[in-house]
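Written out below as structure tokens is the structure these notes cover.
The values are calculated or read from the model by the stated rules, or taken from the named source; none is laboratory data. Since the model is a prediction, treat every value here as computed from it, not as a measurement. FYI the Cβ positions are ideal-geometry reconstructions off the backbone, even for glycines, and counts take in every protein chain you see. With ligands, DNA and RNA removed, areas are computed over all heavy atoms of the protein, side chains included. Shrake-Rupley method; radii C 1.70, N 1.55, O 1.52, S 1.80 Å.
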Amino acid sequence: MDRTNEADLLHAMVRIPSVSGSEHALSGLLASRTSALGFRTPTDGADNVRGEVGGPD
């Protein structure tokens, strides 16, 4: 990811309202962006997103 893409991602993130308990839109953005980079992006019930690469080992 280059600096322009990093800045674009940051701008997109801060434009999304994400007060406590309402983070779904932000987690969706992050999951989409990390998935496009080739990561698996599981989320949990609290809308936390993990970016995973490689095998389970």
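Quick look at the values:
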quantity	calculated
Relative contact order for the chain, counting Cα pairs under 8 Å that sit 6 or more residues apart, in percent	22 percent
Where the chain is the region considered: accessible area per residue in Å², 1.4 Å probe	76 Å²
The chain - mean residue ellipticity at 222 nm from DSSP helices (-39,500 (n - 2.57) per run, n ≥ 4, rounded to 500)	-14500 deg cm²/dmol
Approximate spin-label separation Asp8-Ser35, in nm, with each point projected 7 Å along Cα-to-Cβ	1.8 nm
Equivalent ellipsoid dimensions for the chain as semi-axes, Å, which come from the Cα gyration tensor, largest first	20, 18, 6
Carbon and sulfur %, accessible surface of the chain computed with the full protein complex present, 1.4 Å	54 percent
Residues whose placed amide H lies under 5 Å from that of Ile16, excluding near-sequence neighbours	none
